[in-house]
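Shown next, in structure tokens, is the structure this report addresses.
The values are calculated or read from the model by the stated rules, or taken from the named source; none is laboratory data. Since we're looking at a predicted model, the values are computed, not measured. Here the Cβ positions follow ideal geometry from the backbone for every residue, glycine too, while neighbour counts run over all protein chains shown.
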Amino acid sequence: MTNPGKFITFEGGEGVGKSTQVNIIVKKLTDLGIDVVQTREPGGAPGAEEIRALLVTGGTDKWQPMTEALLHNAARAEHLDVTVKPALAAGKWVISDRYTDSTIAYQGYGQGISTETLLDLHRLSTGDFWPELTIILDGHELHRAKSREIENASNEDRYERMGEDFHQKLRQSFRDIAKKNEKRCVLVSADGTIDDVAERVWKIIEDRCL
Ligand code: TMP
């Protein structure tokens, strides 16, 4: 049997530079000759990208919180079976921009569903499948409209329009998640230049995965 690959996820609030760091790490790993699949949630497979469009565009109150949690889990089930698991089975590394910790933060701490319920949904949707390493970027959010302009010039701004209260909860919720999952998660300061942050992230990947 081929060696299974490595599944690493990146998490954090809006505009902490997560996608930039994912791009840098994927390039570094690729330069080392590692076969890397770069992916994201919601999305990362054709059907999951269709579900993504339902979630990231339109009115902020268009879904009930449970509907939203189920849609994220449906997208995740599709993403895992179509993209992540086949890549891991082929010995590739999979780097995903977001995974279940985002559901716990956004639909849980942000939209009021209990962590316990969300972990039940995770078990049902994924068979309790977790990455071996999760990097949680912790820093001040850029102004969200600005960050979206930089990271993605599209209309995918439904979560960004959810209001200050919602977004203020996110940073603390990701910190709590890191604390509760110390073995899997590493909280990384997003302060400093892009290169400073990339160096911190790289050191963790070297220590834990290479
Ligand atoms: P992105 O902007 O990082 O691509 O993610 C799209 C949005 O989806 C982002 O605002 C966070 C949100 N989200 C959730 O609310 N729950 C989830 O489970 C995931 C994966 C993302």
Subject >> All positions within the range 26-39 that are out of contact with any Phe, Trp or Tyr (no Cβ under 7 Å at 6 or more places or on another chain) and more than 16 Å from Leu88 (Cβ to Cβ) >> reply: Lys27, Thr30, Asp31, Leu32, Gly33
Subject >> Odd one out for Gly33, checked against (1) over 18 Å from the mean Cα position of the chain (by Cα); (2) crowded, with 18+ Cβ neighbours inside 10 Å; (3) within 23 Å of Glu199 (Cβ to Cβ) >> reply: (2)
Subject >> Positions within the range 28-50 being touching a Lys or Arg at 6+ places or on another chain (Cβ under 9 Å) and of a type in the set (A, V, I, L, M), in sequence order >> reply: Ile34, Val36, Val37, Ala48
Subject >> The listed residue being at pLDDT 95 or above, under 19 Å from Pro4 (Cβ atoms) and more than 17 Å from the chain's Cα centre (by Cα), out of Val94, Val82 >> reply: Val82
Original post:
Of (1) of a type outside the set (Phe, Trp, Tyr); (2) modelled with pLDDT of 95 or more; (3) surrounded by fewer than 14 Cβ atoms within 10 Å (Cβ to Cβ), Ala69 satisfies all except one. Which?
Top reply: (3)
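Return the residues of the range 174-188 that are acidic (Asp, Glu) and either within 16 Å of Leu118 (Cβ to Cβ) or part of a helix (DSSP H, G or I) (or both); say none if nothing qualifies. I'd like the intermediate steps shown before the answer.
The first filter runs over the range 174-188 and keeps only residues acidic (Asp, Glu), leaving 176, 182.
Within the range 174-188, just Asp176 meets the criteria.
How many residues are among the polar types (S, T, N, Q) and buried (at least 18 other Cβ atoms within 10 Å of the Cβ) when one looks only at the range 20-30? Talk me through it step by step, then tell me what you get.
So in the range 20-30, the residues among the polar types (S, T, N, Q) come out as 20-21, 23, 30.
From the residues that got through so far, the ones that are buried (at least 18 other Cβ atoms within 10 Å of the Cβ) too are 21.
Here the count works out to 1.
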**OP:** Keeping to the range 127-154, report how many residues are at pLDDT 85 or above and within 12 Å of the ligand (Cβ to nearest atom).
**Re:** 1
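Identify all residues within the range 33-87 that are over 19 Å from Leu118 (Cα atoms) and small (Gly, Ala, Ser); write none if there are none.
Of the residues in the range 33-87, the ones over 19 Å from Leu118 (Cα atoms) are 33-40, 44-47, 49-50, 53-54, 56-62, 81-87.
Answer for the range 33-87, where residues must be over 19 Å from Leu118 (Cα atoms) and small (Gly, Ala, Ser): Gly33, Gly44, Ala45, Gly47, Ala53, Gly58, Gly59, Ala87.
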**OP:** Take the range 85-133 and flag every residue that is under 20 Å from Ser173 (Cβ atoms) and part of a loop (DSSP other than H, G, I, E, B).
**Re:** Arg98, Tyr99, Gln111, Gly112, Ile113, Ser114, Trp130, Pro131
**OP:** Evaluate the range 19-41: report whether one residue or more is closer than 28 Å to Phe166 by Cβ, part of a loop (DSSP other than H, G, I, E, B) and modelled with pLDDT under 95.
**Re:** no
